[in-house]
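So the structure is just underneath, and the comments pick up after that.
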Amino acid sequence: MAEWWRGVPKLELHAHLNGSIRSSTLLELAKERSKKGDLVLSEVEGVILKDDRSLQECFKLFDLIHVLTTDHGTISRITKEVIEDFAAENVIYLELRTTPKKNEAVGMSKRSYVEAVLAGFKAVETVKAIHLPSDGNIQYPDEVTHKNSTSEGPRMQQIFVRLLLSIDRRESLDGAMETVQLALEMRNSGVVGIDLSGNPVVGEWQTFLPALTCARKQGLPITLHCGEVPNREEIQGMLEFRPERLGHVCCLEDLEWKTLKESDIPVEVCLTSNVRTECVTSIADHHFADLYRVKHPLILCTDDPGVFSTTISREYALAASCFDLTKTELFQLAKNAVNFIFADNKLKETLRLIMEEAECVFAGTK
Ligand code: 5GP
C-alpha cells in the first residue's frame, strides 16, 4: 500500500529539517567526527540506530543531530537530501520547518543558518525544486502541469518548497523575536510562516506570545505544536490564540476537543510519531478517527521521517489500513491539504490543478 501511495501526489506540511535527515548521512557525519576525535562512534551509534524512542529520547537524538549538523555546508547538504527524499515520495509541495541556530565557533548566525538552508533548496539535483528567488518574483512557466512528458521529452519532476522558521521552547523571548524578524525579512526568499516546537516539557508557551503576536500582526501564519503532553493551561491558551494550524493535539480533554472542533483550525496529524513517542496509546486510539468523522480539517504528515523511519506514503497507507479509508477518501484528504498551505493563492491554484489532473488519472486506475 505504501508503494501505491508513493505514486500519488501529496503535500507535506509538518516536517522538521533535522528530524528528516537520512540515517546514512547521520552515521557518515558521526564517523567523520569520530575520526577527528570529537566523539566516540560506539557511544552514539546506538542512539542513531535505535528504532523505538520515547518523546524524551527523541529530544536526546535531536541534541546529537544538532552536534553533527553544525556547519553551513552540512545544513545545505541535509536540506538538499531531504527535499530529494520527499520528491521521491511524490510530494509536490513541501513546507519544511527548521529552527535557526547560532554557532559562533563556525561563524554561524541565525541568518546565515537560514541562508544555508536556502542554498540547499538551490542545490537540489534529482528534481526541479521550485523555491522563491531572492527578489520574490516567482515565475510560473511550466508548473501548472504535473504531466510526466512534454513535446520536447520527459519533464523533470517538480517540487515546490517553502520554509517555516521554528521557535524552540528553550529560547528566550529575544531569541524568538529574532527568528520572527528574520522570517519577515526573508519572506521574499521563501519563508512563509512561524512554528513553535521543541521539548514540550521545557519552557512556557506564553513566553513567546509577544513574538507570535508580532508575527501575526505582520501577516505571517503560525502553527503551534500543541498537546503533546497534558498541559491544560497551555492547550487552552493555544486554542484561544487560534493559530492558522496546530500540530499533533493529542492530550486534549472533552471541552478542549469541543473548542478545537468548533474552531476549524486545521490539524497536522503525525500518526507514527504520536505512537512512537507515546503521545497516543495506539494508532487505533488515535484522535484522527474522531476528527475525520466530524470532517475536521486534517493533513497527514511525517513530523520526523528520519527519526521515526517513516515516509509520507507510509503514513497514508497506515491511515488507510487503520481507519478503513478508501483510496478515494484518502485522496480527497491529500487534495484538501492544498487549502491549508501557508503559501500564496496563486500557488494554491497551481497545486489544485496538479491534484485535479492526478485525480483524473487516479479515477481510471483505482
Ligand atoms: P530542526 O528545527 O533542528 O531542523 O529540527 C529538529 C527540532 O525540531 C527539534 O530539536 C525540536 O525542537 C523540533 N521537533 C522535531 N520533532 C518534534 C516533535 O515531535 N515535537 C516537538 N515539540 N518538537 C519537535
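A few remarks follow.
- Selection status of Val82, more than 30 Å from Met355 (Cβ to Cβ), assigned to a helix (DSSP H, G or I) and touching a residue at least 24 places away in the same chain (Cβ under 8 Å): no
- Leading residue by the ranking (surrounded by the fewest Cβ atoms within 10 Å (Cβ to Cβ)) among those in segment 270-283 that are touching a residue at least 24 places away in the same chain (Cβ under 8 Å) and in a loop (DSSP other than H, G, I, E, B): Glu278
- Scan of segment 48-69 for residues that are assigned to a helix (DSSP H, G or I), within 14 Å of the ligand (Cβ to nearest atom) and within 22 Å of Val275 (Cβ to Cβ), ordered by number: Leu55, Gln56, Glu57, Cys58, Phe59, Lys60, Leu61, Phe62, Ile65
- Exclusive hit being basic (Lys, Arg) and in contact (Cβ under 8 Å) with a residue 24 or more places away in the chain, set Arg245, Arg216: Arg245
- Flag if Gln218 is under 21 Å from Asp290 (Cα atoms) and among the polar types (S, T, N, Q): no
- Matching residues in segment 284-320 - criterion: being in a strand (DSSP E or B) and away from the ligand (no atom under 16 Å from the Cβ): Leu298
- For segment 251-281, a residue qualifies if it is within 16 Å of the ligand (Cβ to nearest atom) and either small (Gly, Ala, Ser) or under 24 Å from Leu94 (Cβ atoms) (or both), and the qualifying residues are Val267, Glu268, Val269, Cys270, Leu271, Thr272, Ser273, Asn274, Val275, Arg276, Thr277, Cys279.
- Any hit, segment 307-318, residues being out of contact with any Asp or Glu (no Cβ under 8 Å at 6 or more places or on another chain), surrounded by fewer than 16 Cβ atoms within 10 Å (Cβ to Cβ) and acidic (Asp, Glu): no
- Of all residues making up segment 14-28, the number that are outside any loop (DSSP other than H, G, I, E, B), within 17 Å of Gly73 (Cα to Cα) and within 14 Å of the ligand (Cβ to nearest atom): 4
- Scanning segment 321-333 for residues that are of a type outside the set (A, V, I, L, M) and either within 19 Å of the chain's Cα centre (by Cα) or in a loop (DSSP other than H, G, I, E, B) (or both) gives Asp324, Thr326.
- Those residues of segment 337-366 which are closer than 26 Å to Leu165 by Cα, buried (at least 16 other Cβ atoms within 10 Å of the Cβ) and not hydrophobic (A, V, I, L, M, F, W, C), in sequence order: Thr350
- Residue in segment 46-68 that is more than 30 Å from Asp174 (Cα to Cα), of a type outside the set (A, V, I, L, M, F, W, C) and more than 21 Å from the chain's Cα centre (by Cα) present: yes
- The lone exception for Arg111 - which of (1) in a helix (DSSP H, G or I); (2) closer than 26 Å to Ile159 by Cα; (3) out of contact with any helix residue (DSSP H, G or I) (no Cβ under 7 Å at 6 or more places or on another chain) it fails: (3)
- Residue ranges of strands (runs of 3 or more DSSP E) in segment 154-241 with at least 3 members touching a Gly at 6+ places or on another chain (Cβ under 7 Å) and either closer than 25 Å to Val269 by Cβ or within 15 Å of the ligand (Cβ to nearest atom) (or both): 158-168, 222-226
- Residues that are closer than 12 Å to Ala123 by Cβ and among the hydrophobic types (A, V, I, L, M, F, W, C) were ranked within segment 54-102; the one that is surrounded by the most Cβ atoms within 10 Å (Cβ to Cβ) is Val82.
- Residue pairs meeting the criteria (Cβ under 7 Å; at least 6 apart or on separate chains; first closer than 15 Å to Gly175 by Cα and without any contact (Cβ under 8 Å) to a residue 40 or more places away in the chain, in segment 102-119; second of a type in the set (Val, Ile, Thr) and surrounded by 15 or more Cβ atoms within 10 Å (Cβ to Cβ)): Asn103/Thr70
No value in this document is a laboratory result; all are computed from the given coordinates. Quick caveat: nothing in here was measured; it's all calculated off a predicted structure. Reconstructed Cβ throughout: ideal geometry from the backbone, glycine too, with neighbour counts over all protein chains shown.
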